1. Which three extents, in angstrom, do the Cα atoms of the range 16-77 have along their principal axes, listed largest first?
2. Taking the Cα centre of the range 16-77 as origin, work out the dipole magnitude from +1 charges on Lys and Arg Cβ and -1 charges on Asp and Glu Cβ, in debye rounded to 20.
3. Quick check for the range 16-77: number of Lys pairs with alpha-carbon distance under 16 Å, counting only pairs 8 or more apart or on different chains?
4. At most 12 other Cβ atoms within 10 Å and a DSSP loop assignment: could you name the GluC sites (Glu not before Pro) in the range 15-89 that fit?
5. Run through the range 37-86 and list the trypsin sites (Lys or Arg not before Pro) located in a DSSP loop whose Cβ has at most 15 other Cβ atoms within 10 Å.
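What follows draws every value from the coordinates through simple rules; no lab data is involved. This one's a predicted model, so the numbers in the text were calculated from it and none came from an experiment. Cβ sites come from the backbone with ideal geometry, for glycine too, and all protein chains shown count toward neighbours.
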Amino acid sequence: MQNMKTKPLQLLAGIISKTELAMHYYPNVCRESALKSFMSLVNSNPELVKRLVKETHYRKTVHRFTPRQANLVFEMLGKPHSITQEIFT
C-alpha cells in the first residue's frame, strides 16, 4: 500500500477518525500501520486510557474521536507537528 502524505485535518462535525489522526502521528507509513502504531501508543499510556474512559466515555471499539477526546490525546501525547492550529475547541 502507498504511503499517504499528511494533509490538513478535515473534520466532519468536529469528529476525526482514529486513522486520520494516526496519519498525523505516523505520516510516513501506510494507514493500517499508522493506526496500529497510534493505538499501541494510546494503549501503552494507562493514564490516557483512564482519562479517556472516565472523562469522555471512550470505548476502544469506536472508530472516531470527539474533539474532547482528541484534545485529551494532544494533552497527554503532544500534538503532531502537522497540526499547526487549534481546530479542536
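1. 32, 20, 20
2. The dipole magnitude comes to about 220 debye.
3. Lysine pairs satisfying the spacing and distance rule in the range 16-77 number 4.
4. On the way: sites: GLU20, GLU32, GLU47, GLU55, GLU75, GLU86; in loops: GLU86.
Counting only loop positions with at most 12 other Cβ atoms within 10 Å, the GluC sites (Glu not before Pro) in the range 15-89 are GLU86.
5. Those that pass, being in a loop and sparsely packed, are ARG59, LYS60.
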